[in-house]
1. Conditions: (1) open to solvent by less than 20 Å² (accessible area, probe 1.4 Å); (2) closer than 30 Å to Glu345 by Cβ. His100 meets all but one. Number of the miss?
2. Considering only region 225-249, state which residues are farther than 26 Å from Arg332 by Cα and either more than 16 Å from ligand 3 (Cβ to nearest atom) or acidic (Asp, Glu) (or both).
3. Looking at Leu180, Leu224 in this structure, which one is assigned by TED's automatic domain parsing to the domain that holds Asn352, touching a Ser or Thr at 6+ places or on another chain (Cβ under 6 Å) and within 14 Å of ligand 2 (Cβ to nearest atom)?
4. So which of Ala255, Ala259, Ala200 ends up being in contact with a Pro (Cβ under 6 Å, 6 or more places away or on another chain) and within 30 Å of Val343 (Cβ to Cβ)?
5. Looking only at strands (runs of 3 or more DSSP E) that fall completely inside region 265-335, which ones have 3 or more residues that are within 16 Å of ligand 1 (Cβ to nearest atom)?
6. Considering each residue of region 245-257, count those that are within 11 Å of ligand 1 (Cβ to nearest atom) and either surrounded by fewer than 21 Cβ atoms within 10 Å (Cβ to Cβ) or among the polar types (S, T, N, Q) (or both), and give that number.
7. Only one of these is in the same structural domain as Ala61 (by TED's automatic domain parsing) and closer than 24 Å to Pro82 by Cβ: Leu17, Leu46, Leu31. Name it.
8. Return yes or no: is Phe260 within 15 Å of ligand 3 (Cβ to nearest atom) and in a strand (DSSP E or B)?
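The values are calculated or read from the model by the stated rules, or taken from the named source; none is laboratory data. Just so we're clear, the structure is a prediction, and the values are computed from it rather than from any experiment. Don't worry about glycine lacking a Cβ; one is built from the backbone with ideal geometry, like all the others, and counts go over all protein chains shown. Surface areas here come from the heavy atoms of the whole protein model, side chains and all, with no ligands, DNA or RNA. Shrake-Rupley method; radii C 1.70, N 1.55, O 1.52, S 1.80 Å.
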Amino acid sequence: MNERMRHAVRQATEAGLDGLLITPGPDLVYLTGHRPPVTERLTMLLLLAGVPGPAPTTKPALVVPALELPGDQPDLEVVAWPDGEDPYAIVAGRLRDGRHAISDSAWAMHLIALQEAAPGVRYTSMTATLPMLRAVKDEAEVALLAAAGAAADATYEQILSVRFAGRTERQVAADLARLLREHGHEQVDFTIVASGPNGANPHHDIGDRVLREGDMVVLDFGGLKDGYGSDTTRTVHVGPPSAPEQEVFDVVRAAQQAAFEAVRPGVACQEIDRVARQLIEDAGYGEFFIHRTGHGIGLTTHEPPYLVRGEERPLVPGMCFSIEPGIYLPGRFGVRIEDIVTVTETGGRRLNTTGHGLAIVG
Ligand code: ZN
Ligand code: ZN
Ligand code: ZN
């Protein structure tokens, strides 16, 4: 068994689980490197746990459709099922009664069929039970996240010189997507261009509003490069900002900086959120900071750890997450600044390094 699977079994055993049921998606990629198509034909990795002591000697089983055999998988027992056979009966025959965590992205049709085939098994969600499974990145993963961040940064540097005034949000968003791909992203997950009053909605869906002189514009974009995520936000202004706009911007900038400086091993996730929120509250904008301060990133662009009130788990070197405080003023504008940060032994290191100043665009 490879080290990641061994670690997963250890975590599962500590969490009182009898096994992990992994369907295609980020967990399966993380544990095996296998990226099958996501379809109605069941693919499932069975990692059985619950036996304290040395790691089990039997190989984990990968149940796969016979027409989708994986490449070389020396750590796995590949169990192929042909069309016409019942894959759920195969899985049920290998499970003990007890608690198993199943991938969050497992299709309901697969889970329901399993519940019928193995009525003694209880199911729980992976993220609810093992939220930290992929949260601590190894050196190679941090390097991939840094490269994705650098590509997003290059995208931002270039977007500053495109035309904003007189073009629609949709057109600027298309520029962002094109630039992300030019800088090596194979997948673009989001290109938020939220101008003027639209900026007050943190996840504004791009529209056909025409940008004009005087607009604050929130640019939040990211995706996957070589399998790892980027996610950065900068707020720019079309022409010179007003004094109140600059004031709100400066509060968000200070909150982002203070939260970043609070990052070090052992600090609770919620503390980073508290630091950012305190600063925004003290400036009188507390009610307009309407989301958590950050989220983890890795094989997906949103995953644990979450920097949110109530999350008491400590920061650990290798964790990678966003720090993205914002202020959203209904009917007026929004401001958000977001960097991906990794935890080192001595503090935080930013994986996005473009300037934090309010850039003026044309
Ligand atoms: Zn303005
Ligand atoms: Zn973002
Ligand atoms: Zn984000």
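1. (2)
2. Asp226, Gly227
3. Answer to the check: Leu180.
4. Sole residue among the options that is in contact with a Pro (Cβ under 6 Å, 6 or more places away or on another chain) and within 30 Å of Val343 (Cβ to Cβ): Ala255.
5. Of the strands (runs of 3 or more DSSP E) lying wholly inside region 265-335, those with at least 3 residues that are within 16 Å of ligand 1 (Cβ to nearest atom) span 326-329.
6. Adding up the residues that qualify gives 2.
7. Step by step, each of Leu17, Leu46, Leu31 is checked, and only Leu46 is in the same structural domain as Ala61 (by TED's automatic domain parsing) and closer than 24 Å to Pro82 by Cβ.
8. No, not satisfied.
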